[in-house]
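Asker: First the structure, then my questions, so here it is.
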Amino acid sequence: MEINCSLCNKNYPNQRSYLNHRRRFHEIYVIDKDRKKDETNNCYVCKYCDKEYKHFQSRWQHEKKCKVENEKKQQDILTLQKENELLKNELIENKDEIIKLQKKLLSCKRLDNKTFKAVNKVLMERSFMNSNNNTADSHNNNNNNNTYQIFALGNEELVNVLTMQQKQQIMNSRLGSIEKIVEITHCGELNQFKNIIITNLKDNYAYRYDSEKGYFITVTKNDLLDDVITNRIMDIEAIYDELQSAKKIDPKTKKLIQDFLDKMENKDAFYDNETKYENFRSYKIDRVKILLYNNQDKITKDIALLISSDKNEELDNTMT
């Protein structure tokens with residue numbers, strides 16, 4: 001039997017549909033304060049969550065629990081609001097202190113933000129100042145008015161500088177010895193040898209430290225990499241001879257280093273997976289190029305640290 005809504009004159013097939021309609025469109029909720037059922041819908045509704053029950057006792061049992069849960073939720077909301085308000089007030093009170101700490105943090109990291117152009121600009125300005133002061137011997141001691149020193153490529157004399165442990169690391173790298181010696185020399189802890197920079201893999205240019213000028217100059221990337229390989233191969237040969245004379249190189253490593261040196265002279269094409277190179281030397285040049293490019297940020301930072309011990313303010317003024 002259909003039930004007719006007296007408010008909008010719509011018909012519903014059963015009592016539940018009729019009740020849902022009344023609650024949704026007419027905002028009429030069944031509240032049985034006298035513990036009696038509503039005559040039209042024949043059910044009891046929780047006043048906290050609107051759940052429906054056929055029996056008053058069921059609704060009553062539910063409401064006891066629902067009331068506690070509802071009060072707890074309200075209390076949690078109030079607690080959270082109070083905590084948020086306290087945090088807000090605390091942030092406002094400590095705003096000046098927070099700003100001061102942020103500035104201090106930025107100051108501690110200022111060298112990390114130096115670009116290569118900014119660092120090289122400082123070197124150029126110092127070179128210009130020294131030139132005006134007629135420091136004729138500045139190219140021999142890399143600006144004797146400063147505390148830093150960067151050696152030109154080819155003047156590193158690595159055999160006299162590297163430790164025995166570093167030399168053994170290079171030899172133990174075997175076919176990868178050229179990458180290891182470049183990593184130790186130009187990308188490691190020896191800041192005085194941070195004399196080459198590659199900032200882009202796509203263009204044909206790189207940067208080489210000119211000891212006479214006192215700053216980095218732009219050069220052809222292929223020529224620079226060829227010079228790097230040539231100088232470091234000479235160092236590998238010298239280190240090999242030293243360790244062999246001292247009997248500090250095992251037979252297997254000895255053979256692999258000899259194979260590596262032979263491959264570097266071989267003109268035959270070389271394949272790395274599906275990539276074809278003109279020869280093994282070209283392959284190693286490509287590996288060294290990527291190694292230097294991946295370490296450009298570290299190299300730049302180390303140069304900045306090297307030259308900033310007495311000129312921090314100059315670096316800060318040239319940040320880009």
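The values are calculated or read from the model by the stated rules, or taken from the named source; none is laboratory data. The model shown is predicted, which means the values in this text are computed figures rather than measured ones. Don't worry about glycine lacking a Cβ; one is built from the backbone with ideal geometry, like all the others, and counts go over all protein chains shown.
Asker: Taking only the range 261-275 into account, find how many residues are surrounded by 11 or more Cβ atoms within 10 Å (Cβ to Cβ) and assigned to a strand (DSSP E or B).
Answerer: Of the residues in the range 261-275, 2 are surrounded by 11 or more Cβ atoms within 10 Å (Cβ to Cβ) and assigned to a strand (DSSP E or B).
Asker: If you scan the range 42-63, which residues turn out to be in a loop (DSSP other than H, G, I, E, B) and modelled with pLDDT of 80 or more?
Answerer: If the condition is that a residue be in a loop (DSSP other than H, G, I, E, B) and modelled with pLDDT of 80 or more, then CYS46, LYS51 are the ones that fit.
Asker: Could you check the range 66-163 for helices (runs of 4 or more DSSP H) lying wholly inside it with 2 or more residues that are at pLDDT 70 or above?
Answerer: The qualifying helices (runs of 4 or more DSSP H) are 116-132, 158-161.
Asker: Another one. If I filter the range 172-190 for residues that are buried (at least 18 other Cβ atoms within 10 Å of the Cβ), assigned by TED's automatic domain parsing to the domain that holds LEU243, of a type in the set (Lys, Arg) and outside any loop (DSSP other than H, G, I, E, B), do I get at least one hit?
Answerer: Yes: one or more hits.
Asker: Any residue at all in the range 62-78 that is over 30 Å from ARG24 (Cβ atoms) and surrounded by fewer than 10 Cβ atoms within 10 Å (Cβ to Cβ)?
Answerer: Scanning the range 62-78, I find no residue that is over 30 Å from ARG24 (Cβ atoms) and surrounded by fewer than 10 Cβ atoms within 10 Å (Cβ to Cβ), so the answer is no.
Asker: Does the range 239-260 include one or more residues that are part of a loop (DSSP other than H, G, I, E, B), touching a residue at least 12 places away in the same chain (Cβ under 8 Å), more than 37 Å from the chain's Cα centre (by Cα) and buried (at least 18 other Cβ atoms within 10 Å of the Cβ)?
Answerer: yes
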